[in-house]
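Below is one structure, written out as structure tokens; the observations come after it.
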Amino acid sequence: MSNDEIPKIKTMVRRYKSSLPKLTIFILGPGEHNIDPYAKKCYSKRCQIKNELARDHDTFFLEEIYNEARNDGVDVTNTLDFEDILIKKEADTVIMIFVLNATGLEAELVAFSRCPELAEKMWVFYDSTYYEFGNKNFWHVNSALDSIEGRNGRIKPFTESEIDSCSLLTRVKNMIEQKRRALSILPYKKYQGVE
């Protein structure tokens, strides 16, 4: 390859990347004010995932949208209904980092799993120790995970070492890129007419 071909190749690659759709991604998981140290680590990973995906996509924490809506005087008394409508209308994908010691996550997981339109957008990454510690008694969580997987959502375990390293981030990025490439070749209502 000659040196004058390199700029042309880079231009072609740049055009290809710019033709891929920009996704709207909501990232759920442990919040900033969790008491549990592991949930705090998961919150930090959640922030890292959001920042990394924001390079090519619109990424949001639902609590940020909720707070902004409340500041604008929008009645968001029923948080789950508000989130339900947002996800149905705005999100292409919802990533959830699920750990048991994070306030509110169980309720969101169970509520969102009941609606097919939401469940199919959900990618739940759950702590692999969830099943190891005999949590099979959490029938509502197990049922929610089964429901999401049965409605074309994805559920994937992760380990604490993946939180400490970048491997969970890499997995999420790869999955998002796969979806992005698939949407670029399939007819998808949100992106019809995008060049």
Along the dipole axis of the chain (charges at Cβ: +1 for Lys and Arg, -1 for Asp and Glu; origin at the Cα centre), the most positive-end residue among F112, L53, L20 is L20
Within the set T11, T170, T93, GNM on the chain using Cα springs under 10 Å gives the largest fluctuation to T11
Sparse-neighbourhood loop hits (trypsin sites (Lys or Arg not before Pro), the stretch 30-120; DSSP loop; Cβ within 10 Å at most 10 others) -> R55
Would you mind calculating the relative contact order of the stretch 24-184 from Cα pairs under 8 angstrom and at least 6 residues apart, reporting the percent as a whole number?
24
Across the stretch 86-134, how large is the tail of the calculated P(r) beyond 15 Å, expressed as a percent of all Cα pairs?
48
Separation of alpha-carbon centers, the stretch 107-131 and the stretch 7-24, rounded to whole Å:
32
In whole angstrom, and with the biggest value first, how far do the Cα coordinates of the stretch 24-184 range along each principal axis?
43, 34, 32
Mean Cα-pair separation over length for the stretch 1-94, i.e. relative contact order, pairs under 8 Å, 6 or more apart, %
34
Using 7 Å Cα-to-Cβ label points, what is the S18/S167 separation (nm, one decimal)?
3.8
Between I35, I176, I97, where does the largest GNM mean-square fluctuation fall for the chain, given springs only between Cα atoms within less than 10 Å?
I35
Explain nothing, just the number: dipole magnitude of the chain about its Cα centre with +1 on each Lys and Arg Cβ and -1 on each Asp and Glu Cβ, in debye rounded to the nearest 20.
920
Using 0.36 nm per residue, how much length does the chain from N152 to R55 gain when fully extended, once their Cα-Cα distance is taken away?
32.3 nm
Summing Lys, Arg as +1 and Asp, Glu as -1, what charge do residues with Cβ under 14 Å from the Cβ of N71 carry, N71 excluded?
-4
Among S165, L80, I97 the positive-end extreme of the charge dipole of the chain (Cβ point charges)
S165
State, to one decimal in nm, how far the label point of T11 lies from the label point of K89, with both points 7 Å from Cα in the Cβ direction.
4.3
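Rule-based calculations on the coordinates, nothing more; no lab input. Since the structure is predicted, the reported quantities are computational estimates derived from the model, not experimental observations. Cβ sites come from the backbone with ideal geometry, for glycine too, and all protein chains shown count toward neighbours.
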